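*Asks:* Quick one: the structure is below, questions incoming.
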């Protein structure tokens, strides 16, 4: 005798199963999940079909991206400078997004694949629909934040020592803080994935165009550029006094190169690549432990000594240098 089981749909969400000598009524899983899966599958297929029907034109993509880089507002945000070692510069997430739009037929996706009380794992990927090439990256977001001092009402997970030997409190993050961390970390991962799909020569040309646009805009009105830079840093909690200490002189005499340099640092802070304290520490290491003002004074004094010594050597015979520690009216050792 054959044991056949028959399944009958009774109503939405319920099934009646009839077999040899038995009958059961079961509630099945929600049908919307199946519908969503089919919808996602159809969307992916549609993207590939459109990509095959409308292939990209690389020359047009290049011109579109360079046109974006000629806009001053875009050029300001397209490059970041991370204060690591002598400084690391590169295209920002804004540049990656613009390049992907110009290329076309590029699909980016961010989806949570794991979540518990301690961490969330997010999968970030970028796909070239024409080449059928995907670059995925899984990033982990810890559901904690670090603070220099404990906060009332917040659970302390652990306490660790930082590089300066001071206590750092690791506390549980709120939902909003977790979301902020996820956005920042996922954006950096997405930038990495997207940039791997962009031809290197087009990307390099776009970066050079951004530099040219920024320099041209600053040279048109340096005073307005200084004010705009100061306002931007003020919005992220960095005062004019702090900027002056970083540069080693008053902000109103900042050169175009210094303004451009500070714009890149601002973008890295805004994108979550670095913090102002990291930028200051990198600057201190760059100057050998001295402040920017002390370094500027030392450099200026050395230049003046060299300049006066070279002038004296050309026009006058050598003179005896005065007693040790005795300076002339210019603040230089007597005899120079």
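*Asks:* Taking every eigenvalue of the Cα gyration tensor of region 104-222, multiplying by 5 and rooting it, what semi-axes result, largest first, whole Å? The partial results should precede the final answer.
*Replies:* Numbers: eigenvalues 260, 120, 26 Å².
Here the semi-axes work out to 36, 24, 11 Å.
*Asks:* Sticking with this structure for a sec: Compute the whole-percent fraction of alpha carbon pairs in region 80-174 spaced more than 19 Å apart.
*Replies:* Values: 2910 of 4465 pairs.
Tail of the P(r) past 19 Å holds 65 percent of the pairs.
*Asks:* Show me 138-150, 263-275, 59-71 ranked by packing, highest mean number of other Cβ atoms within 10 Å first. Don't skip to the answer; put the middle values down first.
*Replies:* Numbers: 138-150: 14.3, 263-275: 20.5, 59-71: 16.5.
Going by the mean number of other Cβ atoms within 10 Å, highest first, we get 263-275, 59-71, 138-150.
*Asks:* Taking the mean number of other Cβ atoms within 10 Å as a proxy for protection, how do you rank 125-131, 40-46, 237-243 from highest to lowest?
*Replies:* Details: 125-131: 18.6, 40-46: 10.6, 237-243: 14.6.
The packing order, highest mean first, is 125-131, 237-243, 40-46.
*Asks:* Considering every pair of different Cα atoms, what Kirkwood radius, in Å, is found for region 179-245?
*Replies:* Details: mean 1/r = 0.0666 Å⁻¹.
Over region 179-245, the inverse of the mean reciprocal pair distance is 15.0 Å.
*Asks:* Multiply the residue gap between residue 146 and residue 215 by 0.36 nm, knock off their C-alpha separation, and tell me the result in nm, one decimal place. Mind showing how you got there, number by number?
*Replies:* Values: separation 69, 0.36 × 69 = 24.84 nm, distance 3.79 nm.
Difference between extended and current length: 21.0 nm.
*Asks:* Starting from the Cα of residue 285, step 7 Å toward the Cβ, then list every residue of region 68-102 with an amide N under 16 Å from that point.
*Replies:* 81-89
*Asks:* Calculate the translational D of region 24-133 in whole µm² s⁻¹ from Stokes-Einstein, where the hydrodynamic radius comes from the Kirkwood formula applied to all Cα pairs, the temperature is 37 °C and the viscosity 0.692 mPa s.
*Replies:* On the way: Rh = 17.7 Å.
Reported coefficient: 185 µm²/s.
*Asks:* Moving on. With no solvent and one equal point scatterer placed on each C-alpha of region 221-284, evaluate the Debye formula and give log10 I(q)/I(0) for q = 0.12, 0.13, 0.20 Å⁻¹, two decimals.
*Replies:* These q points yield log10 I(q)/I(0) values of -0.25, -0.29, -0.73.
*Asks:* Would you mind ranking 246, 80, 135 so that the residue whose beta carbon has the fewest other beta carbons within 10 Å leads the list?
*Replies:* Working: 246 22, 80 26, 135 15.
Listing 246, 80, 135 from fewest to most nearby Cβ atoms yields 135, 246, 80.
*Asks:* With a Förster radius of 41 Å, plug the Cβ-Cβ distance of residue 154 and residue 37 into 1/(1 + (r/R0)^6) and report the FRET value to the nearest 0.05. Spell out each step's value before the answer.
*Replies:* Numbers: r = 39 Å, r/R0 = 0.96.
The calculated FRET efficiency here is 0.55.
*Asks:* For region 163-231 and region 44-83, what is the separation of their Cα centres, given in Å?
*Replies:* Using only Cα atoms, the two centres lie 18 Å from each other.
Every read-out reported here was derived from the displayed coordinates using simple, explicitly stated rules and does not represent laboratory data. Everything numeric in this text was worked out from a predicted model, so none of it was measured. For neighbour counting, all protein chains shown are included, and Cβ atoms are generated from backbone atoms with ideal geometry for every residue, glycine included.
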